[in-house]
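Undergrad: For reference, the structure I am asking about is given below.
Since every read-out is calculated from the coordinates, none of them should be taken as a lab result. Fair warning: this is a prediction, and the values are worked out from it, not measured in the lab. FYI the Cβ positions are ideal-geometry reconstructions off the backbone, even for glycines, and counts take in every protein chain you see.
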Amino acid sequence: MHKRLHLQADQIEWLLAAHKAPARVTGGRVTARTIQFDLSPAPTTKISRVENLAAEIALLLQVSSARVSRENGALHIEIPRSDGRALRFLELCARAERDALFMRVLRMPGTALLGIGADGIPVLLRLGVSDVPHVLVAGTTGSGKSQAARTLLASLVLYQPAREMQLLVIDPKGSDFHAFAAAPHLLCPLVQTVDDAADRLEWLADEMERRQTAHVQRPRIVVLIDELADLLMQGGSALENLVARLVQRGRSAGICIVACTQKPTAGVLGTLVKANFPVRLVGKVTSAHDALVAAGVAKSGAETLAGRGDFLLIANGEKVRVQIAHLPVSDDDALRQKFFR
């Protein structure tokens, strides 16, 4: 591995020099799924020139893709590992539970463990605070979108007490969230039809009004909506209006919406998402245009992500690369046992 990394670094430097965009590889890091090279461009090198050479870099290194990104004032080239392995959620939990300080943070109201960042440090997301009122999870088939939702839910159920947080799960596919049917946090059984979704959301809108009148925010209610775009197309304007009311006014009543879609297009989601989901968890999408709609920021590079849990967490205009912890269906029994430990 060590020799191969040095060879790849030399190849990157050679190609950039050949295209009159000289830069030095000054370091990097290896994660479970990716290899990242840190670049120091020459003063005369235009960053846009390096970005436009991503396809040539991938071809030279014989990998499926190369992603050029700028983070914290530094330039990086990232490629997928040929021997990449999944990050198991329950293994990450076991590691986290050995750190008392980390667990204290994880048990703060609304906090979820998502996975690990490019630096190997676990990534947490705290739902329902002013900066994270609602979350959009977007990505095409194979991106790991439903997996990200499963991991977020599992973390909430494991580390947030039911008296402090309740769940409403709308799962039209009826395939990804069976393990949570036994969770003590559920307000009602898993919702799987459009009509039931409309009924539950209408009740929740009334509950929101009651809470706002009574100035109540506890217990928090986290609503997970899988396949938001399909649900809105089937439910029509009445259902869209309910979702819009909840995302516009829900935070003040302790209600947080986590909405998932594999169709992050402006035509499907319209202004509902643009105006009300400031935080995005974005996996691989099919085009730069879809990346713009899904991420809400230009040049996110979501179309070049590796898929299978490779995500960008975008908040306040900043991007954090996250490898979402994998929660396979084979772990569902172990997960259910942890619900009631």
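Undergrad: Within a 10 angstrom radius of the beta carbon, how do Glu240, Glu97, Glu318 rank from fewest other beta carbons to most? Let's see the in-between values first.
TA: Working: Glu240 17, Glu97 13, Glu318 10.
Fewest-to-most ranking of Glu240, Glu97, Glu318: Glu318, Glu97, Glu240.
Undergrad: Now for a separate question. Over 32 Å between Cα atoms, which of Lys20/Lys284; Lys46/Lys145; Lys20/Lys263; Lys299/Lys338 qualify? Let's see the in-between values first.
TA: On the way: Lys20/Lys284 30 Å; Lys46/Lys145 34 Å; Lys20/Lys263 39 Å; Lys299/Lys338 40 Å.
Distance filter (> 32 Å) returns Lys46/Lys145; Lys20/Lys263; Lys299/Lys338.
Undergrad: Something else: Calculate for the chain the 222 nm mean residue ellipticity that helices alone would give, adding -39,500 (n - 2.57) per DSSP H run of length 4 or more and normalising by residue count, nearest 500 deg cm²/dmol. List each step's numbers first, then the result.
TA: Values: 11 runs with 130 residues, N = 341.
The helix-only estimate for the chain comes to -12000 deg cm²/dmol at 222 nm.
Undergrad: Something else now. Taking neighbour counts of Cβ atoms within 10 Å as a proxy for exposure, in what order, fewest first, do Leu53, Leu224 appear? If you can, show how the numbers build up before the last one.
TA: Working: Leu53 20, Leu224 25.
The order, fewest Cβ neighbours first, is Leu53, Leu224.
Undergrad: From the list (i) 17.6; (ii) 30.4; (iii) 25.1, can you say which value of mean projected area of the Cα convex hull in nm² was derived from the structure given?
TA: Comparing each candidate, only (i) matches the computed number.
Undergrad: Would you mind checking which residues have amide H under 5 Å from Arg24's amide H? H placed 1.01 Å from N; only 5 or more apart, or other chain.
TA: Amide H neighbours of Arg24: Ser40, Ala42.
Undergrad: Moving on. Can you name the helices of the chain, as whole DSSP H runs, whose Cα span along the helix axis is 20 Å or more and whose Kyte-Doolittle mean is not below -0.5? Please list the in-between numbers first.
TA: Values: long enough: 2-18 (24 Å, -0.27); 145-159 (22 Å, 0.62); 194-214 (30 Å, -1.06); 228-249 (23 Å, 0.47).
Once both thresholds are applied, what remains is 2-18, 145-159, 228-249.
Undergrad: Would you work out which of Phe277, Leu228, Gln192 lies farthest towards the positive end of the dipole of the chain? Charges go on Cβ: Lys and Arg +1, Asp and Glu -1.
TA: Phe277
Undergrad: When the convex hull of the Cα atoms of the stretch 2-80 is projected onto a plane and the area is averaged over all directions, what value comes out in nm²? Spell out each step's value before the answer.
TA: Working: hull surface 19.3 nm².
So the Cα hull casts an average projection of 4.8 nm².
Undergrad: Just grab the label-to-label distance for Arg81 and Glu56, each label 7 Å out from Cα along the Cβ direction, in nm (one decimal).
TA: The two pseudo-label positions are separated by 2.9 nm.
Undergrad: Expressed in nm to one decimal, what extension gain is obtained for the pair Arg70 and Arg210 from 0.36 nm per residue of sequence separation less their Cα-Cα distance? Don't skip to the answer; put the middle values down first.
TA: Working: separation 140, 0.36 × 140 = 50.40 nm, distance 4.56 nm.
Full extension of this stretch gives 45.8 nm more.
Undergrad: If you don't mind, another one. Taking loop as defined by DSSP and a crowding limit of 10 other beta carbons within 10 Å, which trypsin sites (Lys or Arg not before Pro) in the stretch 141-200 fit?
TA: Arg163
Undergrad: Rounded to the nearest 20 debye, what is the charge dipole size of the stretch 89-339 about its Cα centre when +1 sits on each Lys and Arg Cβ and -1 on each Asp and Glu Cβ? Spell out each step's value before the answer.
TA: On the way: 27 positive and 26 negative charges, 151 e Å.
Charge dipole, the stretch 89-339, about its Cα centre: 720 debye, nearest 20.
Undergrad: Looking only at the chain, where both bridge partners belong to it, what percent of the DSSP beta bridges are antiparallel (to the nearest 5)?
TA: Numbers: 35 of 57 bridges.
Bridges in the chain that DSSP calls antiparallel: roughly 60 percent.
Undergrad: I want to check the label-to-label distance for Met108 and His6. Put each point 7 Å from Cα in the C-beta direction and report it in nm to one decimal.
TA: 4.3
Undergrad: Next question. Which cross-chain or sequence-distant (5 or more) residues have an amide H under 5 Å from the amide H of Thr111, H modelled 1.01 Å from N in plane?
TA: Here the answer is Leu127, since their amide H atoms fall under 5 Å of that of Thr111.
Undergrad: Then there's this: Using a basic spin-label model with each label point 7 Å from the Cα along Cα→Cβ, how many nm lie between Thr26 and Thr141?
TA: In this crude label model, Thr26 to Thr141 measures out at 4.4 nm.
Undergrad: Can you find, among Ile12, Ala334, Leu60, the residue sitting farthest towards the positive end of the charge dipole of the chain, where Lys and Arg contribute +1 and Asp and Glu -1 at Cβ?
TA: Ile12
Undergrad: As an exercise, use a Förster radius of 41 Å and the Cβ-Cβ distance of Trp203 and Asp119 to find the FRET efficiency, rounded to the nearest 0.05. Intermediate values should be presented prior to the final figure.
TA: Working: r = 43 Å, r/R0 = 1.04.
Approximately 0.45, to the nearest 0.05.
Undergrad: Need the full-extension length gain, Ala181 to Leu101, defined as separation in residues times 0.36 nm minus the C-alpha distance. One decimal, nm.
TA: Values: separation 80, 0.36 × 80 = 28.80 nm, distance 3.06 nm.
My answer for the length gained is 25.7 nm.
Undergrad: Rounded to the nearest Å, what's the spacing between the alpha carbon centres of the stretch 186-202 and the stretch 131-163? Just the number, please.
TA: Taking the Cα centre of each part, the stretch 186-202 and the stretch 131-163 sit 18 Å apart.
Undergrad: Still on this structure: With a 10 Å Cβ neighbour count serving as the proxy for reagent exposure, in which order, fewest first, do Lys3, Lys338, Lys319, Lys284 appear?
TA: Working: Lys3 7, Lys338 14, Lys319 20, Lys284 27.
By the 10 Å Cβ count, ascending, the order reads Lys3, Lys338, Lys319, Lys284.
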